[in-house]
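Working notes for the structure below.
The values are calculated or read from the model by the stated rules, or taken from the named source; none is laboratory data. All values reported here derive from a predicted model rather than from experimental measurement. Heads up, the Cβs are rebuilt from the backbone with ideal geometry, glycines too, and the neighbour counts pull from every protein chain shown. For the accessible areas, the whole protein counts, side chains as well, though only heavy atoms, and no ligand, DNA or RNA atoms are used. Shrake-Rupley method; radii C 1.70, N 1.55, O 1.52, S 1.80 Å.
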Amino acid sequence: MITLEPLRAEHAEALRAFEQENRAWFARSVPDRGDAYFAEFADRHRALLAEQETGAVRFHVVLGEGGELIGRINLVDVAGGSAELGYRIGERAAGRGVATAAVGQVCRLAAGAYGLGSLTARTTRDNAASLAVLGRSGFTEVGATEIGGQPGIRYRRALTRP
């Protein structure tokens, strides 16, 4: 069982550790965030929390059964009843259904608490895990895109309000 929590100030150190621990793992399928991301992490975290207060974004951490941070899942560009979904699941939790469960939970939150009617998502063509998660989660392909210079696919999912 996993739990989603809205991103808070007290998640900063665990989130930094999670990102550092999984940096090479993530770089295999998505563009690397670069050294500046870690050097400026505290300021960036505060800025993300301030942005979240505006309602334009909804950041979440994914916690495992023991309360450990095993991923993050975000809704960005929240406007007009829609948002873009993004997520990262750490290497230790990969392949255990965590991403699919987290996407399902955030879709329910988006439709219910956040009042959204649809979500979009993007992934690179070679990210087999994300392609599978999005397919299992009811997203359909809507076109091509580019992510960090790599060919990608755009997806959309209509949400049903509870």
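Per the Cauchy relation, a quarter of the hull surface: what is the mean projected area of the convex hull of the alpha carbons in the range 41-136, in nm²? Could you put the intermediate results ahead of the total?
Working: hull surface 27.7 nm².
For the range 41-136, averaging the hull's shadow over all directions gives 6.9 nm².
Springs between alpha-carbon pairs under 10 angstrom, Gaussian network model over the chain: which of Arg58, Arg28, Arg16 fluctuates most?
Judging by the Gaussian network model, the answer is Arg28.
Within 13 Å, Cβ to Cβ, of Arg28, how many net charges do the neighbouring residues add up to if Lys/Arg are +1 and Asp/Glu are -1?
On the way: positive: Arg23, Arg88; negative: Asp32, Glu91, Asp126.
Its environment carries a net charge of -1.
Expressed as a rounded percentage, what relative contact order does the range 1-114 have, with Cα pairs under 8 Å and six or more residues apart? If you can, show how the numbers build up before the last one.
Values: 134 pairs, mean separation 32.2, N = 114.
About 28 percent, as a whole number.
Heavy atoms only, probe 1.4 Å: what % of the accessible area of the chain goes to carbon and sulfur, would you let me know?
50 percent
Within the chain, which DSSP H helices have Cα atoms that stretch 15 Å or more along the helix axis and a mean Kyte-Doolittle hydropathy of at least -0.5? Can you show the working numbers first?
On the way: long enough: 41-53 (18 Å, -0.80); 98-111 (20 Å, 1.34).
Helices meeting the span and hydropathy rule in the chain are 98-111.
Ignoring ligands, DNA and RNA, what accessible area per residue does the range 103-159 give at 1.4 Å, in Å²?
Heavy-atom SASA per residue in the range 103-159 reads 47 Å².
Give me the extension gain from Thr145 to Arg16: residue separation times 0.36 nm, minus the current Cα-Cα distance, reported in nm with one decimal. Write down the numbers at each step before the final one.
Details: separation 129, 0.36 × 129 = 46.44 nm, distance 2.88 nm.
Stretched fully, the Thr145-Arg16 segment lengthens by 43.6 nm.
Per residue of the chain, what 222 nm ellipticity follows from adding -39500 (n - 2.57) for every DSSP H run with n ≥ 4, rounded to the nearest 500? Before the final figure, lay out the partial values.
Working: 6 runs with 56 residues, N = 162.
Only helices count here, giving -10000 deg cm²/dmol.
Under a GNM of the chain (C-alpha, springs under 10 Å), which listed residue has the highest mean-square fluctuation: Gln150, Gln52, Gln105?
Largest GNM mean-square fluctuation: Gln150.
In Å², and per residue, what accessible area does the range 1-97 have when probed at 1.4 Å with the other protein chains present? Each step should come with its number before you reach the end.
On the way: 5180 Å² over 97 residues.
Here the residues of the range 1-97 average 53 Å² of exposed surface.
Extent of the range 112-162 along each principal axis, from alpha carbon coordinates, in Å, largest to smallest?
37, 18, 16
What would the Debye formula give as log10 I(q)/I(0) at q = 0.10, 0.25 Å⁻¹ for the alpha-carbon point model of the range 1-95, no solvent?
After summing over all Cα pairs, the log10 values are -0.26, -1.49.
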